[in-house]
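*Asks:* Here it is: the structure, laid out below.
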Amino acid sequence: MKKWIIMLLTVVLGVIGLSGCSDNDAASGGGKDGKVEITYGFWDKKQVPAIEEIIKLFNEKYPDIQVKTEITPYGQYFQKLETAATGGALPDVLWMNGAHVVQYAEGKVILPLSEMAEKDNYSLENYPESLIDLYTVGGDIYGIPKDYDTTGLWYNKKIFDEAGVSYPDETWDWEKLKEAAKQLTDKEKGIWGYAALMGNQGGYYDFIWQNGGYIISEDGKSAGFDQPEAIEALGYNVSFIKEGLSPTQAQMTETAASELFSSGKIAMMFDGPWMVPEYKKNPDLDVAVVPQGKKRAVSIHGLSNVISSNTKHKEEAWKFVQFLGSKEAAEVYAKTGTVIPAFNGTQDAWKESVPNLNLQAFIDGAEYSVPLPSVEKTGEIWQYETDVLKKAWSEEISIEEAAEELTKKANEALSK
Amino acid sequence: MKVSNLAKTRKRSDYFWAYLMIAPTMLGLFIFYLWPIAQNFYFSFTEWGAFGQYEWTGLDNYKRLLEDAALLQAFKNTSIYIIFTVPIGIFLSIVVAVLLNQNIKGKSIYRTLYFLPVITMPAAIAMVWKWLYNADYGMFNYLLSLVGIEGPQWVSDPKIALYSIIAVAIWSGIGYNMVIFLSGLQGIPKMYYEAAEIDGAGPVTVFFKITLPLLSPVIFFVSIMSLIGAFQVFDLIFMMIGKSSTALESTQSIVYLFYQHAFVLNDKGYAAAIAVLLLAVILIITAIQMVLQKKWVHYD
């Protein structure tokens, strides 16, 4: 008889072991002490201090809602979300970008917020209109904007001084950028004038727009990489590498350009305001508006907070999202200098948070900015851009060939 | 009559207990291995949209497999990886195991050192080696620069990136195989060596005539396991080769391609077909090894 009991125990324990993980979920959701726990998913580690402070403020108001943060690096963020969404296990509240919002909204894995906003008299007029548009799909708003970013021309004052070149300003254009890059490049010291990054936002998108080209046509059915304006812009990008003014594509994958830049190996590069927390520690660095091409243009993009449709705590999640979009939260972001808060009127506080950098450059950029294209297949097209353009950046194939191949792949994705 | 009945009930209850004992493991095996395999097979006949919607497309994915140049390249990369890592890895671990089976000073320290990479996470290994390999700041190129050689871009140059990964794979695999070989070596009776000594055989003859044949069942086991492992290489490539690296095409393995389709391009049906193909290839090669073993593996 005794043997029998031991056997049974073995089996039962085995089964309990298997289901152990789901036990925890139930406990946290039920709330033994009346507390509800919601999860908040995002990707940028640099923003953790600001987010922690916001959660602390949130808990002063709502002590019964606990927020658990889940950080996933951007490289894996959307892959993890896709899997989690398929299994109905998204975080309750999460970051969304313009490239994926249409797909997620149409896939019905995130909640439309218009109704709840109306009920609570939550005003969407506090945010730049372009950002509200970006997160409006089929007439419904899906995300409350949290920040926005444009591109700036970061530069190293020390390298400029040593080469006797004057600092970049709003008079700069493509020609001047090239000329300065030539003067600043110093092969012996291992200094490159400019980093021709293979990135879309703050890279070839900005140049294509400045040259009068487009990425995705107005009707959302075709890509514009093979248009003459785009080919010329891509060629201008790669010419820095060809002429030895920029590290090669291989060198920039070995060591990230931002690392080369902050260690004084690169004189100028395009990058966003999200680098402020990192670059502000280095007194040699400053930022200016990006040079103009045929016209002035930079990409603008902003993130928003969305609610997953599988959340068990819709009310609590909405309260948290409202708080994340509030002036109070924007001021925390502004103060810590992390990103440009989207809440209108808090940008000045952001600018003043780091007085040694000319952060006005990013705010100025918003005036002539172009939003990142957003269609259902944006994520897939981004992948093709990386796959194909890296061959042009490493001079394996010509710009024309790359543009043709990329346009073909992108058009295929768009027609699906 | 009565006796045989008793034996029968006795036997039946034995079976019952036996099955009950292995039930937890069987359950786990079914839930975590067999069921996913069956599902994967089913999904290989489907095409996926966003968020888990899929439709039946029959053999479409398999037709695509035949025309996919990237898949061919991935098979080529994986083959090169296998051809280098498996034989060299086995050879080096036998050498190390034989050396560490002698009576040398600090034997256990050496054994620990060789085994350390096995208990380290592959991601951590990849990160450390990535920095050793770094063209600008890495140790290898620094050492080369001391003797006036400008080192290559170990993990970004498409021509050598795969071999850089192979070197790490061999290095991190030696310890694991070494432990298995060590236990195999210790299972060889001492009297054979004593007899060989009396007959006047040198160490090389002893190694080839006694050690190697008696170790052959262990070599066989290790070669099957490392071959299967090598076919599934993913983590080192994923960690060491950047997504926008020009060396990606010349290093990506079959599993990397699977990952790319399944989780980056969200083309899960096609990814499932790649997995089925990989399973078939591994099965065939393992079967060939099973047949060939009769020629060289000595079980007594």
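*Asks:* What are the residues in segment A:169-198 that are under 25 Å from B:Asp136 (Cα atoms), without any contact (Cβ under 8 Å) to a residue 24 or more places away in the chain and not acidic (Asp, Glu), if any?
*Replies:* A:Gln183, A:Lys189, listed by residue number.
*Asks:* Can you run down the residue pairs with Cβ atoms below 6 Å, 6 or more apart or on separate chains, where the first is in segment B:124-140 and among the hydroxyl-bearing types (Ser, Thr, Tyr) and the partner is assigned to a loop (DSSP other than H, G, I, E, B)?
*Replies:* Once the first residue is among the hydroxyl-bearing types (Ser, Thr, Tyr) and sits in segment B:124-140, its partners that are assigned to a loop (DSSP other than H, G, I, E, B) give B:Tyr133/B:Trp154; B:Tyr133/B:Val155.
*Asks:* Of B:Ala195, B:Ala161, B:Ala247, which residue is modelled with pLDDT of 90 or more and within 29 Å of A:Asp387 (Cβ to Cβ)?
*Replies:* Being modelled with pLDDT of 90 or more and within 29 Å of A:Asp387 (Cβ to Cβ) holds for just one of B:Ala195, B:Ala161, B:Ala247, which is B:Ala161.
*Asks:* Please report, ordered by residue number, the helices (runs of 4 or more DSSP H) entirely within segment A:107-174 with at least 1 residues that are farther than 30 Å from B:Trp48 by Cα and either within 14 Å of chain B (Cβ to nearest Cβ) or over 25 Å from the mean Cα position of the chain (by Cα) (or both).
*Replies:* Where helices (runs of 4 or more DSSP H) fall fully within segment A:107-174 and carry at least 1 residues being farther than 30 Å from B:Trp48 by Cα and either within 14 Å of chain B (Cβ to nearest Cβ) or over 25 Å from the mean Cα position of the chain (by Cα) (or both), they are A:114-119, A:157-163.
*Asks:* When you go through (1) modelled with pLDDT of 90 or more; (2) more than 14 Å from every other protein chain (Cβ to nearest Cβ) one by one for B:Phe140, which number turns out not to apply?
*Replies:* B:Phe140 satisfies every listed condition except (2).
*Asks:* What's the number of the condition A:Lys391 fails, among (1) free of Cβ contacts under 8 Å to residues at least 40 places away in the same chain; (2) more than 10 Å from chain B (Cβ to nearest Cβ)?
*Replies:* Here A:Lys391 clears every test but (2).
*Asks:* When you go through B:Ser164, B:Ser172, B:Ser216 one by one, which is the residue that is under 21 Å from B:Thr85 (Cα atoms) and within 14 Å of chain A (Cβ to nearest Cβ)?
*Replies:* B:Ser164
*Asks:* Separate question: Do the conditions hold for B:Phe16, that is, is it free of Cβ contacts under 8 Å to residues at least 24 places away in the same chain and within 14 Å of chain A (Cβ to nearest Cβ)?
*Replies:* Here the answer is yes, as B:Phe16 does meet what is asked.
*Asks:* With under 25 Å from A:Glu376 (Cα atoms) and part of a helix (DSSP H, G or I) as the only criterion, which of A:Ile241, A:Ile231 stands out?
*Replies:* A:Ile231
*Asks:* Give segment A:90-146 a look and list any residue that's of a type in the set (Ser, Thr, Tyr) and farther than 23 Å from A:Asn344 by Cα, or say none.
*Replies:* A:Tyr104
*Asks:* Next question. Does segment A:304-326 contain any residue that is closer than 16 Å to A:Thr150 by Cα and in contact with a strand residue (DSSP E or B) (Cβ under 6 Å, 6 or more places away or on another chain)?
*Replies:* So far as segment A:304-326 goes, yes, one or more of its residues are closer than 16 Å to A:Thr150 by Cα and in contact with a strand residue (DSSP E or B) (Cβ under 6 Å, 6 or more places away or on another chain).
*Asks:* Looking at segment A:248-270, is at least one residue over 21 Å from A:Ser369 (Cβ atoms), out of contact with any Gly (no Cβ under 7 Å at 6 or more places or on another chain) and of a type in the set (Lys, Arg)?
*Replies:* Scanning segment A:248-270 turns up no residue that is over 21 Å from A:Ser369 (Cβ atoms), out of contact with any Gly (no Cβ under 7 Å at 6 or more places or on another chain) and of a type in the set (Lys, Arg).
*Asks:* Which residues, taken from segment A:43-71, are of a type in the set (S, T, N, Q) and over 13 Å from the mean Cα position of the chain (by Cα)?
*Replies:* A:Asn59, A:Gln66, A:Thr69
*Asks:* Now, a different point. Of the residues that sit in segment A:79-106 and are in a helix (DSSP H, G or I) and more than 9 Å from chain B (Cβ to nearest Cβ), which one is farthest from the chain's Cα centre (by Cα)?
*Replies:* Taking the candidates together, the pick is A:Ala84.
*Asks:* Here are the criteria: (1) at pLDDT below 90; (2) touching a Ser or Thr at 6+ places or on another chain (Cβ under 7 Å); (3) not β-branched (Val, Ile, Thr). Tell me which single one A:Asn411 does not satisfy.
*Replies:* (1)
*Asks:* Quick one: B:Ala201 ticks every box in (1) of a type outside the set (Val, Ile, Thr); (2) part of a loop (DSSP other than H, G, I, E, B); (3) surrounded by fewer than 16 Cβ atoms within 10 Å (Cβ to Cβ) except a single one, so which number is it?
*Replies:* It is condition (3) that B:Ala201 fails.
*Asks:* Restricting attention to segment A:232-251, report how many residues are small (Gly, Ala, Ser) and at the interface with another protein chain (Cβ under 9 Å from one of its Cβ atoms).
*Replies:* Number of matching residues: 1.
*Asks:* Given the conditions (1) exposed (fewer than 14 other Cβ atoms within 10 Å of the Cβ); (2) part of a helix (DSSP H, G or I), and given that A:Ala180 satisfies all but one, which numbered condition is not satisfied?
*Replies:* Only one criterion is unmet by A:Ala180, namely (1).
*Asks:* In segment B:21-52, how many are facing another protein chain (nearest Cβ under 8 Å) and without any contact (Cβ under 8 Å) to a residue 12 or more places away in the chain?
*Replies:* Here the count works out to 8.
*Asks:* Among the strands (runs of 3 or more DSSP E) contained in segment A:277-331, which hold 3 or more residues that are at pLDDT 90 or above and over 30 Å from A:Ala230 (Cβ atoms)?
*Replies:* A:304-307
*Asks:* Which numbered condition trips up A:Tyr74, out of (1) within 14 Å of another protein chain (Cβ to nearest Cβ); (2) without any contact (Cβ under 8 Å) to a residue 40 or more places away in the chain; (3) over 18 Å from the mean Cα position of the chain (by Cα)?
*Replies:* Every listed condition holds for A:Tyr74 apart from (3).
*Asks:* Looking for something outside any helix (DSSP H, G or I) and either among the aliphatic types (A, V, I, L, M) or in contact with a strand residue (DSSP E or B) (Cβ under 9 Å, 6 or more places away or on another chain) (or both) - is there at least one such residue anywhere in segment B:33-46?
*Replies:* For segment B:33-46, residues outside any helix (DSSP H, G or I) and either among the aliphatic types (A, V, I, L, M) or in contact with a strand residue (DSSP E or B) (Cβ under 9 Å, 6 or more places away or on another chain) (or both): present.
*Asks:* Moving to a separate point now. Considering only residues that are touching a helix residue (DSSP H, G or I) at 6+ places or on another chain (Cβ under 8 Å), farther than 24 Å from A:Thr336 by Cα and within 14 Å of another protein chain (Cβ to nearest Cβ), which ones fall in segment A:252-303?
*Replies:* Selection gives A:Met252, A:Leu260, A:Gly264, A:Ile266.
*Asks:* Among the candidates B:Thr251, B:Thr205, B:Thr246, which residue alone is under 19 Å from the mean Cα position of the chain (by Cα), of a type outside the set (A, V, I, L, M, F, W, C) and over 22 Å from B:Phe115 (Cα atoms)?
*Replies:* Every option except B:Thr251 fails the conditions.
*Asks:* Checking A:Glu316 against (1) in contact with a helix residue (DSSP H, G or I) (Cβ under 9 Å, 6 or more places away or on another chain); (2) within 25 Å of A:Val137 (Cβ to Cβ); (3) surrounded by 19 or more Cβ atoms within 10 Å (Cβ to Cβ): exactly one of these is not met. Which one?
*Replies:* It is condition (1) that A:Glu316 fails.
*Asks:* Which is at pLDDT 90 or above and either out of contact with any Ser or Thr (no Cβ under 7 Å at 6 or more places or on another chain) or small (Gly, Ala, Ser) (or both), of A:Val48, A:Val101?
*Replies:* Just one listed residue meets the conditions, A:Val48.
*Asks:* Quick check, is B:Leu236 assigned to a helix (DSSP H, G or I), under 14 Å from B:Tyr81 (Cα atoms) and touching a residue at least 12 places away in the same chain (Cβ under 8 Å)?
*Replies:* yes
*Asks:* Check segment A:327-335 and report whether any residue there is more than 19 Å from A:Asp149 (Cβ to Cβ) and of a type outside the set (Ser, Thr, Tyr).
*Replies:* yes
*Asks:* Looking at (1) free of Cβ contacts under 8 Å to residues at least 40 places away in the same chain; (2) more than 27 Å from the chain's Cα centre (by Cα); (3) within 14 Å of chain A (Cβ to nearest Cβ); (4) in a helix (DSSP H, G or I), find the lone condition where B:Arg64 falls short.
*Replies:* (1)
The values are calculated or read from the model by the stated rules, or taken from the named source; none is laboratory data. If you're wondering where the values come from, they're calculated on a predicted model, not measured in any experiment. Cβ sites come from the backbone with ideal geometry, for glycine too, and all protein chains shown count toward neighbours.
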